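Nothing in this text is a laboratory measurement; each read-out follows from the coordinates by a stated rule. Please read all numbers here as calculations on a predicted model, not as lab measurements. Note that each Cβ is placed from the backbone with ideal geometry, even for glycine, and that neighbours are counted across all protein chains shown.
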Amino acid sequence: MAGPEPGRDCPFCPRLVGYRHEQRKAHPDWFNAPVPSFGTADARLLIVGLAPGVSGANRTGRPFTGDYAGDLLYQTLIDFGFARGFYRADPHDGLTLQGTMITNAVRCVPPQNKPLPAEIRTCNTFLRARMDALAGIRAVVALGRIAHDGVLGALGARKSAFPFSHGGEHDVGPFRLFDSYHCSRYNTNTGVLTPEMFRKVFARVREHLGS
Ligand code: SF4
């Protein structure tokens, strides 16, 4: 059985392994490996994103760190007490998560930010193990449909019973699943997701978890 964190040279997705090797050659000073989950083992909140961005988390080695999505996500987490410190787009910025963990449905950077269905299914083994290892989870935020489906897959829940919608909430298994559009630059630039829409999701999570 897989542990919750893949090794640096996880071999299971050949296309992503090839891309990882290309990035290691082109950018030997970048992280260029499956990006580990970030947060605390006593997390009550798990946030699930899609996959590392090539020059964001794939470069820095910390989820959502180094690209626009991190600016919005980490500031929102600080504002709602799920993180402390200052986010400086650098894994050494001293930012700490409070009772929260962040992971991705796919741990390796995919070309054009688009993992294939088989890669999502394969990496779901690690998402399932990650969720199993966090006994205290009471809330999960899925950033986008792929993360939402990944969480349901990890739980063995039927997707048709829990359709994705921004702001949607589902009681599934032992916790509540909160859905949000992904906080990508594309979604915010096109107005699909505004910072206020994003904040409302985390306000609901805070209400659900209490202080
Ligand atoms: S995406 Fe996941 S399963 Fe696939 S190679 Fe990377 S860590 Fe392994």
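The alpha carbons of the range 32-113 stretch over 34, 23, 18 Å along the principal axes, in descending order.
Of all DSSP-defined beta bridges confined to the chain, some 35% are antiparallel rather than parallel. For the pair Ala157 and Arg8, what calculated FRET efficiency results from E = 1/(1 + (r/R0)^6), where r is the Cβ-Cβ distance and R0 = 25 Å, to the nearest 0.05? The computed FRET efficiency comes out at 0.20. For the range 70-164, the set of trypsin sites (Lys or Arg not before Pro) satisfying both a DSSP loop assignment and a count of at most 15 other C-beta atoms within 10 Å is given as Arg88, Arg158.
Distances between every pair of Cα atoms in the chain, grouped in 5 Å steps from 0 to the bin holding the largest one, split as 1, 8, 16, 21, 22, 18, 10, 3, 1, 0 percent.
Among residues other than Pro4 with Cβ under 12 Å from its Cβ, the summed charge is +1 (Lys and Arg +1, Asp and Glu -1). Shape of the range 90-209 from the C-alpha gyration tensor: rounded (a/c under 1.5, with a ≥ b ≥ c the square roots of its eigenvalues).
Model label points for Gln75 and Arg199, set 7 angstrom from Cα along the Cα-to-Cβ axis, are 1.0 nm apart.
A straight Cα-to-Cα reach below 22 Å connects Lys25 with the lysines Lys114, residues fewer than 8 places away in its own chain not being considered.
Dipole size of the chain about its Cα centre, with +1 on Lys/Arg Cβ and -1 on Asp/Glu Cβ: approximately 300 debye, rounded to the nearest 20. Along the axis of the charge dipole computed for the range 1-151 (Cβ charges of +1 for Lys and Arg, -1 for Asp and Glu, origin at the Cα centre), the listed residues Pro14, Ala43, Phe82 are led at the positive end by Pro14. The fewest-to-most ranking of Asp132, Asp29 by surrounding Cβ atoms within 10 Å reads Asp29, Asp132. Charging the Cβ of each Asp and Glu at -1 and of each Lys and Arg at +1, and nothing else, the dipole of the range 43-156 about its Cα centre rounds to 240 debye. Return the FRET efficiency for the residue pair Val172, Arg121: r is the Cβ-Cβ distance, R0 is 25 Å, and the value is rounded to the nearest 0.05. The computed FRET efficiency comes out at 0.85. Highest GNM mean-square fluctuation among Val141, Val172, Val48, for the chain modelled with Cα contacts below 10 Å: Val172.
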